[in-house]
Amino acid sequence: GENVEQHPSTLSVQEGDSAVIKCTYSDSASNYFPWYKQELGKRPQLIIDIRSNVGEKKDQRIAVTLNKTAKHFSLHITETQPEDSAVYFCAASKGPGANSKLTFGKGITLSVRP
Amino acid sequence: DTGVSQDPRHKITKRGQNVTFRCDPISEHNRLYWYRQTLGQGPEFLTYFQNEAQLEKSRLLSDRFSAERPKGSFSTLEIQRTEQGDSAMYLCASSTGRNNEQFFGPGTRLTVL
């Protein structure tokens with residue numbers, strides 16, 4: 001089955017700096033890659049996603065890039081703010097068809113120092 | 001609130017008891033997923049429904065776990081004869097099925113004593 005790994009497990013940046021979080025996946029049939037943000041005690045919140053026919057997607061201060069050949073994708077956050085501090089999970093799936101379940105990485109804790 | 005809702009938010013039970021959780025998806029979403037999350041880990045897939053049909057079950061889902069979605073709207077997840085290892089956050093998510101964007105509920109935190 002699919003295996004998703006995240007690196008590093010923790011990341012600390014100064015407010016205003018950029019943060020990059022990387023994920024690798026194992027199943028070349030995976031075609032959908034979302035990123036979720038989870039604050040302490042709250043639900044995972046979908047913040048951005050990318051499909052395998054696209055190499056990059058941006059939404060304001062966040063962007064995601066995908067390298068299908070290397071089977072890795074990355075979340076980029078620019079101009080970080082203290083409210084960006086949270087756990088970020090990447091995931092992969094072969095959806096939206098029958099194999100739509102998400103396989104998650106273990107998460108990375110991002111700390112933004114004011 | 002038109003998002004995914006779950007009930008109860010917290011459940012404390014004694015080992016050996018049965019528990020049942022409920023999930024109400026976003027109204028127009030025909031797909032509903034159950035995941036389990038333990039401390040320091042990402043959510044792990046348990047099972048999912050398209051309308052009332054249960055299409056996939058994880059090998060994590062032992063015979064003590066059963067899920068239903070009888071009318072294709074809300075879903076229930078029952079755990080029989082709970083064990084301490086069942087202690088976790090049980091998350092529900094829903095999607096339209098067209099694009100696989102899955103939106104999560106707040107979860108039910110289960111503690112088995």
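Brief remarks on what is shown
- Enumeration of residues in the stretch A:29-39 that are facing another protein chain (nearest Cβ under 8 Å) and either of a type in the set (Lys, Arg) or surrounded by fewer than 20 Cβ atoms within 10 Å (Cβ to Cβ) (or both): none
- The stretch A:62-83, subset under 16 Å from A:Pro114 (Cα atoms), more than 13 Å from the chain's Cα centre (by Cα) and of a type outside the set (S, T, N, Q), residue least open to solvent (accessible area, probe 1.4 Å): A:Pro82
- If the condition is being open to solvent by less than 50 Å² (accessible area, probe 1.4 Å) and in contact with a Phe, Trp or Tyr (Cβ under 8 Å, 6 or more places away or on another chain), then the stretch A:40-61 contributes A:Pro44, A:Leu46, A:Ile47, A:Ile48, A:Asp49, A:Ile50, A:Ser52.
- Strands (runs of 3 or more DSSP E) within chain B that include 1 or more residues closer than 25 Å to A:Tyr36 by Cα and among the aromatic types (Phe, Trp, Tyr): B:19-24, B:31-37, B:44-50, B:88-95
- Failed item in (1) buried (at least 21 other Cβ atoms within 10 Å of the Cβ); (2) modelled with pLDDT of 95 or more; (3) within 26 Å of A:Val4 (Cα to Cα), with B:Ser87 passing the rest: (1)
- Only one entry of A:Ser111, A:Ser18 meets the criterion of being more than 14 Å from chain B (Cβ to nearest Cβ) and open to solvent by less than 70 Å² (accessible area, probe 1.4 Å), and that entry is A:Ser111.
- Taken as a whole, the condition of being open to solvent by 20 Å² or more (accessible area, probe 1.4 Å), away from every other protein chain (no Cβ under 12 Å), farther than 27 Å from A:Thr109 by Cβ and of a type in the set (Phe, Trp, Tyr) does not apply to B:Phe65.
- Where a residue in the stretch B:81-105 is on the phi > 0 side of the Ramachandran plot and its partner, wherever it lies, is in a strand (DSSP E or B) and of a type in the set (Phe, Trp, Tyr), with Cβ under 8 Å and at least six apart: B:Asn100/A:Tyr32
The values are calculated or read from the model by the stated rules, or taken from the named source; none is laboratory data. All values reported here derive from a predicted model rather than from experimental measurement. With ideal geometry, Cβ positions are generated from the backbone for all residues, glycine too; neighbour counts draw on all protein chains shown. When the accessible area is computed, the model is the full protein with side chains, heavy atoms only, and any ligands, DNA or RNA have been set aside. Shrake-Rupley method; radii C 1.70, N 1.55, O 1.52, S 1.80 Å.
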